[in-house]
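The values are calculated or read from the model by the stated rules, or taken from the named source; none is laboratory data. Being a predicted model, the structure only gives us computed values, none of them experimental. So basically every Cβ, Gly included, is an ideal-geometry build from the backbone, and we count neighbours across all protein chains shown. These area figures cover heavy atoms from the full protein model, side chains too; ligands, DNA and RNA do not enter into them. Shrake-Rupley method; radii C 1.70, N 1.55, O 1.52, S 1.80 Å.
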2 protein chains.
Amino acid sequence: MSESPAESTLAEQIAAQLRRDILRGKLPPDTAIKERDNAADLGVSRTPMREAIRILAQEGLVVLRPSRSPIVARPTVKEVHDQVVVLLALEKLSAQIACERATEEDLSRLAELNEKIAEAYDHVDALDLFEMDMAFHRLIAESAHNAALAETHHAYLARLWRARFLSATMRRNRERVVSHHGAIMEALRARDPKAVDAALDQHLANLAEDISAAIEAENAEAERAGG
Amino acid sequence: MSESPAESTLAEQIAAQLRRDILRGKLPPDTAIKERDNAADLGVSRTPMREAIRILAQEGLVVLRPSRSPIVARPTVKEVHDQVVVLLALEKLSAQIACERATEEDLSRLAELNEKIAEAYDHVDALDLFEMDMAFHRLIAESAHNAALAETHHAYLARLWRARFLSATMRRNRERVVSHHGAIMEALRARDPKAVDAALDQHLANLAEDISAAIEAENAEAERAGG
DNA sequence: ATTTCTGATTTGGTATACCAAAAATTGTTG
DNA sequence: CAACAATTTTTGGTATACCAAATCAGAAAT
């Protein structure tokens with residue numbers, strides 16, 4: 001999940017584990033996460049399990065309902081779409097600010113990463129590739145040097161992890177990604193707000209629709225199976 | 001805090017209490033909030049106190065530092081400014097979307113509220129007035145009918161509560177607020193994105209600077225006193 | 001057969017106790 | 001008097017137990 005910071009506490013480890021299981025689809029939507037049972041299974045007490053569930057709830061991966069087991073969230077197409085809209089707005093805002101504030105180091109890190117993506121594109125599995133793409137977009141957000149903005153952007157990126165992953169693997173296209181990233185970088189380097197905006201539009205224009213399609217497909221699948 | 005939803009749990013009550021004390025300035029920045037002592041004082045156990053501190057930390061009102069007591073946050077001017085920038089972007093995005101999506105009911109509630117503000121302006125204390133202003137801006141965000149957007153906007157509004165309050169009381173001006181709100185409303189009613197953008201710019205243009213000034217003044221005050 | 005009532009189960013919330021790691025404090029020594 | 005080492009607090013994290021409210025399931029009654 002690109003969370004390098006060592007999951008130090010038990011709660012964080014549990015959260016990380018559950019997060020993986022949810023995002024990878026091992027714990028499909030609507031799966032109940034019983035605090036007591038689950039804790040017993042893992043051989044831990046309720047305290048860290050509560051904490052972990054809380055973390056995931058805050059990330060939007062599980063939903064808490066009063067007096068019922070928390071369940072893995074099944075975001076509707078609209079919910080995901082709405083979140084994508086906000087993510088795009090945050091990223092475009094970041095890029096605009098970055099036109100003024102990005103340092104040379106920011107820019108060279110972006111260039112470096114894009115090169116790495118270009119190289120790796122055909123040798124690396126979807127997951128690693130996706131992580132790199134995510135890192136690229138995170139760098140853009142960080143280049144605005146606005147901590148609040150970067151943090152909120154990151155939160156949305158994390159929340160949309162699964163949806164973006166579905167969409168990305170569905171629509172894998174080396175030239176598109178690499179050249180788009182290149183265009184964004186060049187515009188940033190030129191510190192040209194309009195060019196940046198155009199480049200981001202170009203790159204992200206279809207994201208909302210792609211993701212919606214991916215989610216719809218998955219929900220339809222679930223419909224057919226579980227009822 | 002305009003949080004009508006009954007604070008049902010002890011943790012929420014404690015959080016609400018601490019929040020008030022912090023925002024009202026009773027617990028000034030850098031004040032330590034010892035989990036054990038504080039819990040003992042209130043006659044509760046550590047569990048809900050931990051929970052409460054956690055809530056406030058997430059709101060940015062207190063900062064957690066490893067192996068040290070949590071303390072009331074002392075946001076820097078830059079931090080607050082950065083947050084204001086994001087808040088403005090979210091509100092402008094909301095308004096843009098609201099041009100398409102706002103319902104008649106949204107618009108009439110906005111009108112109603114603005115009228116109420118106009119009436120109350122000279123009879124009501126700063127706090128109540130401020131709550132109304134906050135509600136107005138929240139309505140704008142909700143008129144976009146994008147839950148994620150509204151939620152994030154609300155979170156920023158809450159986080160900036162104190163800073164905005166300082167700025168608002170410092171720069172109280174009936175005509176300005178009421179006419180600006182009116183202009184925003186009219187633009188929304190006309191569903192004219194450009195007019196909405198202009199009206200919001202007009203209203204919020206000085207917010208960042210005002211807030212920065214207010215924070216700077218407060219920090220300078222603290223400097224003089226506590227060192 | 002449907003509804004209603006009652007008791008068992010599940011859940012969230014709280015209190016309490018324990019432990020290890022990290023700080024602050026103290027005492028000691030060069 | 002300063003640097004260092006040992007001890008004492010403080011803190012965060014975890015485990016465990018208890019309680020009340022809400023849910024759920026099964027029995028009883030119409």
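What's the total number of residues in region B:139-154 that are crowded, with 19+ Cβ neighbours inside 10 Å and assigned to a helix (DSSP H, G or I)?
Summing the residues that are crowded, with 19+ Cβ neighbours inside 10 Å and assigned to a helix (DSSP H, G or I) in region B:139-154 gives 9.
One residue is enough: does region B:41-56 have a residue meeting the conditions within 29 Å of B:A220 (Cβ to Cβ), of a type outside the set (V, I, T) and touching a helix residue (DSSP H, G or I) at 6+ places or on another chain (Cβ under 7 Å)?
yes
So in region B:68-97, with the set limited to residues that are in contact with a Gly (Cβ under 9 Å, 6 or more places away or on another chain) and not in a helix (DSSP H, G or I), which one is nearest to B:L18 (Cα to Cα)?
Result: B:A73.
For region A:21-69, enumerate the residues that are away from DNA strand D (no atom under 13 Å from the Cβ), under 19 Å from the mean Cα position of the chain (by Cα) and of a type in the set (V, I, T).
A:I22, A:V62, A:V63
When you scan region B:176-185, do you find a residue that is modelled with pLDDT under 85 and either surrounded by fewer than 17 Cβ atoms within 10 Å (Cβ to Cβ) or part of a helix (DSSP H, G or I) (or both), even just one?
yes
Residue check: is B:R68 over 25 Å from B:D210 (Cβ atoms), outside the structural domain of B:Q202 (by TED's automatic domain parsing) and either open to solvent by less than 60 Å² (accessible area, probe 1.4 Å) or of a type in the set (D, E, K, R) (or both)?
When the stated conditions are applied, B:R68 passes them.
Anything in region B:47-67 that is part of a loop (DSSP other than H, G, I, E, B) and of a type outside the set (A, V, I, L, M, F, W, C)? List them, or say none. Please lay out each step first, then the result.
Within region B:47-67, the subset part of a loop (DSSP other than H, G, I, E, B) is B:60-61, B:66-67.
Matches in region B:47-67: B:G60, B:P66, B:S67.
Being open to solvent by 20 Å² or more (accessible area, probe 1.4 Å) and either without any contact (Cβ under 8 Å) to a residue 12 or more places away in the chain or assigned by TED's automatic domain parsing to the domain that holds B:D197 (or both) narrows it down to one residue among B:D128, B:D82; which is it?
Values: B:D82 fails: open to solvent by 20 Å² or more (accessible area, probe 1.4 Å).
The unique qualifying residue is B:D128.
Considering only residues of region B:139-160 that are more than 10 Å from every other protein chain (Cβ to nearest Cβ) and free of Cβ contacts under 8 Å to residues at least 60 places away in the same chain, which is farthest from B:E112 (Cα to Cα)?
Per the stated criteria, the residue is B:H154.
Can you say whether B:E7 is in a loop (DSSP other than H, G, I, E, B), within 12 Å of DNA strand C (Cβ to nearest atom) and not basic (K, R), as far as the supplied structure shows? Show your work before the answer.
On the way: in a loop (DSSP other than H, G, I, E, B): yes; within 12 Å of DNA strand C (Cβ to nearest atom): yes; not basic (K, R): yes.
So B:E7 fits the description; yes.
Filter region A:35-65 for residues that are among the acidic types (D, E) and closer than 21 Å to A:H154 by Cβ; which is surrounded by the most Cβ atoms within 10 Å (Cβ to Cβ)? Give the steps one after another, and end with the answer.
First, pick out the residues of region A:35-65 that are among the acidic types (D, E): A:35, A:37, A:41, A:51, A:59.
Next cut, closer than 21 Å to A:H154 by Cβ only: A:51, A:59.
Working: A:E51: 19, A:E59: 16.
Checking each candidate, the answer is A:E51.
What tally of residues in region A:87-125 results from selecting those that are open to solvent by less than 20 Å² (accessible area, probe 1.4 Å) and either within 14 Å of another protein chain (Cβ to nearest Cβ) or over 17 Å from A:V178 (Cα atoms) (or both)?
Here the count works out to 9.
Pairs under 8 Å by beta carbon, first residue free of Cβ contacts under 8 Å to residues at least 12 places away in the same chain in region A:19-40, partner away from DNA strand D (no atom under 16 Å from the Cβ) and open to solvent by less than 50 Å² (accessible area, probe 1.4 Å), six or more apart or different chains?
Qualifying pairs under 8 Å: A:D21/A:L27.
Is it the case that B:D210 is assigned by TED's automatic domain parsing to the domain that holds B:S108, open to solvent by 20 Å² or more (accessible area, probe 1.4 Å), in contact with a Ser or Thr (Cβ under 7 Å, 6 or more places away or on another chain) and assigned to a helix (DSSP H, G or I)?
Taking the combined requirement at face value, the residue satisfies it.
Restricting attention to region A:196-207, and to residues there that are surrounded by 17 or more Cβ atoms within 10 Å (Cβ to Cβ) and not β-branched (V, I, T), which single residue is farthest from A:V84 (Cα to Cα)?
Only one residue fits best here, namely A:A199.
Picking from B:A15, B:A73, B:A11, which residue would you name as being surrounded by 19 or more Cβ atoms within 10 Å (Cβ to Cβ), more than 30 Å from B:E216 (Cβ to Cβ) and more than 12 Å from DNA strand D (Cβ to nearest atom)? Even if it seems obvious, please write down each step before you answer.
Working: B:A15 fails: more than 30 Å from B:E216 (Cβ to Cβ); B:A73 fails: more than 30 Å from B:E216 (Cβ to Cβ).
Of the residues listed, the single one that is surrounded by 19 or more Cβ atoms within 10 Å (Cβ to Cβ), more than 30 Å from B:E216 (Cβ to Cβ) and more than 12 Å from DNA strand D (Cβ to nearest atom) is B:A11.
Answer yes or no: is there a residue in region B:51-62 that is within 12 Å of another protein chain (Cβ to nearest Cβ), without any contact (Cβ under 8 Å) to a residue 12 or more places away in the chain and over 22 Å from B:L149 (Cβ atoms).
There is at least one residue in region B:51-62 that is within 12 Å of another protein chain (Cβ to nearest Cβ), without any contact (Cβ under 8 Å) to a residue 12 or more places away in the chain and over 22 Å from B:L149 (Cβ atoms).
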